[in-house]
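None of the figures in this text is laboratory data; all of them are computed from the coordinates on show. What you see is a predicted model, and the numbers here were worked out from it, not measured in a lab. Using ideal geometry, Cβ is built from the backbone for each residue, glycine included, and neighbour counts are taken over all protein chains shown.
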Amino acid sequence: MQHNDNTDTNIPVAVRRAPASPVRVFIHTGEVSGDLQGALLVEGLKRQAAQQGIEVEISAMGGDRMAAAGAKLIGNTVPVSSIGIFEALPHAWAAIKMQRQAKQHLLESPPDVVVLIDYMGPNVAIGQFIRRQFPAVPITYFIAPQLWVWAMMPGDTEKILSISDRVLAIFPGEARYYREKGGQVSWVGHPLLDKFADYHPASEKQQARQQLGVGGSDCVVTLLPASRPQELTYVLPIMLTAAQQIQTQIPQIKFLIPLAREAFRSRLEAALKEYGLKGQVVAQQEQALAIAAADLAIAKSGTANLEIALMEVPQVVMYRLNRLTAWVAEFVLKFSVTYVSPVNLVNMEPIVPEFVQWDAKPDTISQMALNLLNNPDQRQKMVEGYRTMRKHLGSVGVCDRAANEILALATGKAACAKR
């Protein structure tokens with residue numbers, strides 16, 4: 001599959017011109033990962049707009065990283081993010097208020113183009129609202145939900161495509177799936193490639209340890225348990241119990257726990273003491289350092305797995321939901337997947353070990369971690385798997401390619417509206 005680098009071939013030359021007024025881009029996403037990838041996209045949009053002589057205004061429902069990248073944040077959706085039927089209930093009212101806030105902003109400041117990032121339920125609702133209120137406004141889905149892996153409800157794919165003028169896919173399997181279902185799809189590659197374009201694992205590890213005050217010969221395991229409140233309840237205890245077992249076998253070990261959200265600091269610092277673990281909680285802005293410094297990471301499943309892989313740190317992946325949610329998913333909705341970690345999903349191959357729900361037990365997680373720590377050949381095999389996987393993620397320049405597609409849609413729509 002080739003990149004669609006000639007992103008605006010379907011737009012007439014007469015239309016492809018910078019509009020006199022600023023191009024308004026509205027981005028809607030949630031989750032810590034959506035905020036990260038949204039921030040990378042905002043940077044790409046600003047970069048490409050400047051190169052094309054286009055003035056661009058970017059507003060967003062997202063998080064602090066997107067705001068830092070230059071988007072005007074209308075509302076912070078990260079704190080209300082969750083996975084699961086029952087896990088979402090405590091955030092329901094806050095999520096409804098966020099939706100109202102987003103809709104009010106759109107009515108007051110109609111966009112030239114809308115970008116949806118992952119975050120299926122809220123994004124479908126916003127997309128349908130835009131279709132009703134602004135039918136001429138193009139909608140791009142950047143990082144569409146992974147229905148090609150775990151579609152549970154009939155009609156989910158049709159909902160996504162009904163609100164998407166263009167799908168900008170980050171995985172080859174995602175691009176194939178949505179194209180086969182009739183979508184207009186461009187495979188742009190994975191945005192994390194841009195973040196780690198010039199990354200050199202050995203030198204980065206040394207520098208990270210120096211910055212964090214960790215000895216060059218220390219055995220370090222980095223734990224990434226939570227980016228959502230529910231994970232402090234369902235993931236954290238299992239991960240820390242596994243860490244206890246590892247510490248029993250390797251008493252000199254040190255643990256690093258980088259914050260996905262500053263709001264989790266007190267809970268994680270207390271848990272570190274409660275479980276008697278040697279180590280420290282690391283600030284959110286130093287998460288990359290905490291991963292780079294590690295000999296091994298134990299992480300919840302999610303985008304962080306890909307970051308860890310691109311940094312060439314061996315890892316063990318785990319996840320747990322509320323037992324009732326898991327029971328409904330498995331026995332009522334018949335939910336079943338081969339893999340959950342993005343690292344394994346790229347080529348549908350088991351590069352990293354996964355322990356999910358009923359299999360996520362401290363004993364099995366700690367044993368796998370100890371095997372990796374004590375076996376250089378196993379660690380190297382995983383790194384080689386990472387390198388093979390990376391070749392299937394595309395090439396550097398992902399966010400610039402995505403930005404070009406988005407701006408082409410925006411300026412095409414704006415120019416047509418003026419005629």
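For segment 60-76 and segment 263-281, write down the distance between their C-alpha centroids in whole Å. About 29 Å separates the Cα centre of segment 60-76 from the one of segment 263-281. For the residue pairs K159/K181; K46/K195; K195/K391; K46/K103, the alpha carbons lie more than 18 Å apart in K46/K103. Bridging of K273 to lysines at a Cα separation below 18 Å is possible for K254, once same-chain residues fewer than 8 apart are set aside. Less than 5 angstrom separates the built amide H of Q184 from those of V167, all sequence-distant by 5 or more or on a different chain. Compared with the alpha-carbon gap, the fully stretched path from D156 to Q367 is longer by 72.1 nm at 0.36 nm per residue. With the simple model of a label 7 Å out from the Cα in the direction of the Cβ, Q245 to Q284 spans 3.2 nm. Calculated [222 nm] ellipticity per residue, helices only, for the chain: -14000 deg cm²/dmol; basis is -39500 (n - 2.57) per DSSP H run with n ≥ 4, divided by all residues, nearest 500. Phi angles of segment 232-238 translate, via the Karplus equation with coefficients 6.51, -1.76, 1.60 and θ = phi - 60°, into HN-Hα couplings of 5, 8, 9, 9, 3, x, 5 Hz per residue; Gly and Pro are given as x. Within a straight-line Cα-Cα reach of under 12 Å, K300 can be paired with the following aspartates and glutamates, leaving aside sequence neighbours fewer than 8 residues apart in one chain: E231, E354. Footprinting exposure proxy ranking of E349, E231, E55, fewest other C-beta atoms within 10 angstrom first, gives E55, E349, E231. Cβ-Cβ distance of A136 and K103, R₀ of 22 Å, FRET efficiency by 1/(1 + (r/R0)^6): the value works out to about 0.80.
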